[in-house]
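Written below as structure tokens is the structure these notes are about.
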Amino acid sequence: MAERALALTRRVPWLAAAVLLGLPLGLAALRWLDAAGLHLPPCLFKLATGLPCATCGTTRMARALAEGDLAAAFHWHPVAAAAVLLAPLAAAWDARRAWRREPFPEVPDTLGARLVVVGAFLAAWGLQILRGV
Amino acid sequence: MDPWAPFRLALKPLEGFKAEAGGGPAAGPAFLRMLAWRTGLGWLDGALSLWGFAAGYASFRAMEGPLWGRVLESLAQVNGEIRPEDLKEMLTQLPALPPLPVLLLWMLPLVPLGVASAWLHNAVWDHGCLWLLRGVERNRGWRTTFRAEATAMWAGSAGVAIGLLGHAPVLGLLLAPVLAAVGVYFWVLRGVALATFHGCPVWKGVVATLLHVVIAACCGCGLIVVAWQLALAMGGGPAYG
């Protein structure tokens, strides 16, 4: 009975909300920083180790995307650029599921899925290190 | 509204979180309860921090206070070529802070936004890390983590309230190590909440919050976040939970 009551409740589309709020806010923050002549501090990980961190290049990627320069965006961080471009699709998917009263899908509970996530993270990081971003 | 409820939860976390997991509010109401508590305390904490910072910055720009006397004395001994007048002129070139009331007005939307962002950030990262550690059971998904994080941050209101002592002159400095320990306690409490709500061993919840930091540190900006959290913990800021 409780499960049925839960299924009748429409959940908050958190992913869609985060994308809808995050993308304009991020863009506004970039423009504000530019207008104020301010820059984000350099990456502490790179300063400490000499190697780029897993997200090094994302600020420059965001700046390039804001200027509509897709090639430069993919140059600075291909994985993050792809993620940002796919974000509206993910938001639409989440909003549709929420509207249809479907819960967030369960994350697969397998060792393989965990290895894929860790491997993808390390691969994206390795790519940035090899390219010397 | 019982002002001691977060303190009771913080003092008996295992029983408290178990009761909250069983019969506590759902994710939305738990978030709103946490937001109401943390926003009020966050404003107070932020106002006191701004007040102290603005006073310190003003005296730094004006080369006033006992510290400047010592610095100028030492500079005269080390290198007599640096003239205080030149130094003073250079410091007056530094931009002045906006008036305190303006800064406080900015805090009205920024504090709740910061609290909500911290909750969302912690929930997403901690859930991912708990999943990596095989701590997320079937049928206990994201909603459970959102509830756990909201409840942990609500308990963290007690930490923020205690942290306000860090703003007291002299006493705040003396209490800094104790307040740092309080910050660590409320960090561990977040892991306990995660584990209790998900029904997994406590160590998995605590390690998930630490793994969160390690992965964030690999993302560079994580180091800034860690430094910020430590600074806030030392100064009694909203680093709790």
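Kindly indicate which of B:LEU130, B:LEU91 is in contact (Cβ under 8 Å) with a residue 24 or more places away in the chain, within 14 Å of chain A (Cβ to nearest Cβ), assigned to a helix (DSSP H, G or I) and open to solvent by less than 30 Å² (accessible area, probe 1.4 Å).
The conditions single out B:LEU130.
Of everything in the stretch B:142-167 that's open to solvent by less than 30 Å² (accessible area, probe 1.4 Å) and either without any contact (Cβ under 8 Å) to a residue 24 or more places away in the chain or of a type in the set (Phe, Trp, Tyr) (or both), which residue is nearest to the other protein chains (Cβ to nearest Cβ)?
Among them, the one singled out is B:PHE146.
Quick one: which of A:GLU102, A:GLU106 is among the acidic types (Asp, Glu), open to solvent by 50 Å² or more (accessible area, probe 1.4 Å) and touching a Gly at 6+ places or on another chain (Cβ under 9 Å)?
Exactly one of A:GLU102, A:GLU106 is among the acidic types (Asp, Glu), open to solvent by 50 Å² or more (accessible area, probe 1.4 Å) and touching a Gly at 6+ places or on another chain (Cβ under 9 Å), namely A:GLU106.
One line per residue, one yes/no per condition, for (1) closer than 28 Å to B:CYS218 by Cβ; (2) out of contact with any Pro (no Cβ under 8 Å at 6 or more places or on another chain); (3) not polar (S, T, N, Q):
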| residue | (1), (2), (3) |
| --- | --- |
| B:LEU104 | no, yes, yes |
| B:PRO109 | no, yes, yes |
| B:LEU113 | yes, yes, yes |
| B:LEU120 | yes, yes, yes |
| B:GLY128 | yes, yes, yes |
| B:THR145 | yes, yes, no |
| B:GLU149 | yes, yes, yes |
| B:ALA152 | yes, yes, yes |
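Please enumerate the residues belonging to the stretch B:20-64 that are open to solvent by 50 Å² or more (accessible area, probe 1.4 Å) and within 14 Å of chain A (Cβ to nearest Cβ).
Matches in the stretch B:20-64: B:GLY22, B:GLY23, B:ALA26, B:PRO29, B:LEU32.
Going by the conditions given, is B:VAL170 on the phi > 0 side of the Ramachandran plot and not acidic (Asp, Glu)? Before you say what the answer is, go through the steps one by one.
Values: on the phi > 0 side of the Ramachandran plot: yes; not acidic (Asp, Glu): yes.
Answer is yes for this residue.
For the stretch A:1-35, how many residues are modelled with pLDDT of 75 or more, assigned to a loop (DSSP other than H, G, I, E, B) and within 11 Å of another protein chain (Cβ to nearest Cβ)?
First, the residues of the stretch A:1-35 that are modelled with pLDDT of 75 or more: A:10-35.
From what's left, assigned to a loop (DSSP other than H, G, I, E, B): A:10-13.
Okay, now just the ones that are also within 11 Å of another protein chain (Cβ to nearest Cβ), so A:11-12.
Final tally of qualifying residues: 2.
Could you say which residue among A:TRP76, A:TRP99 is closer than 28 Å to A:THR9 by Cα, more than 11 Å from chain B (Cβ to nearest Cβ), of a type in the set (Phe, Trp, Tyr) and touching a residue at least 12 places away in the same chain (Cβ under 8 Å)?
Numbers: A:TRP76 fails: closer than 28 Å to A:THR9 by Cα.
Sole residue among the options that is closer than 28 Å to A:THR9 by Cα, more than 11 Å from chain B (Cβ to nearest Cβ), of a type in the set (Phe, Trp, Tyr) and touching a residue at least 12 places away in the same chain (Cβ under 8 Å): A:TRP99.
Which condition number in (1) of a type in the set (Lys, Arg); (2) part of a helix (DSSP H, G or I); (3) within 14 Å of chain B (Cβ to nearest Cβ) is the one that A:ARG63 fails?
(3)
What residue, among those in the stretch B:200-228 that are open to solvent by 30 Å² or more (accessible area, probe 1.4 Å) and modelled with pLDDT under 80, is nearest to A:PHE121 (Cα to Cα)?
Result: B:CYS221.
Is there a residue being farther than 30 Å from B:THR196 by Cα and either open to solvent by 40 Å² or more (accessible area, probe 1.4 Å) or not in a helix (DSSP H, G or I) (or both) anywhere in the stretch B:110-121?
Yes, the stretch B:110-121 has at least one match.
Answer yes if at least one residue in the stretch A:52-68 is buried (at least 16 other Cβ atoms within 10 Å of the Cβ) and under 30 Å from A:THR9 (Cβ atoms), and no otherwise.
Scanning the stretch A:52-68 turns up no residue that is buried (at least 16 other Cβ atoms within 10 Å of the Cβ) and under 30 Å from A:THR9 (Cβ atoms).
Tell me which residues, restricted to the stretch A:39-50, are part of a loop (DSSP other than H, G, I, E, B), open to solvent by less than 80 Å² (accessible area, probe 1.4 Å) and more than 8 Å from chain B (Cβ to nearest Cβ).
A:GLY50
For the stretch A:121-133, which positions are open to solvent by 60 Å² or more (accessible area, probe 1.4 Å) and either of a type in the set (Ser, Thr, Tyr) or away from every other protein chain (no Cβ under 12 Å) (or both)?
Result: A:ALA123, A:LEU127, A:LEU130, A:ARG131.
The values are calculated or read from the model by the stated rules, or taken from the named source; none is laboratory data. Small disclaimer: the values here were computed from a predicted structure and weren't measured. Using ideal geometry, Cβ is built from the backbone for each residue, glycine included, and neighbour counts are taken over all protein chains shown. Each accessible area value is taken on the protein alone, full model and side chains, heavy atoms only, with ligands, DNA and RNA left out. Shrake-Rupley method; radii C 1.70, N 1.55, O 1.52, S 1.80 Å.
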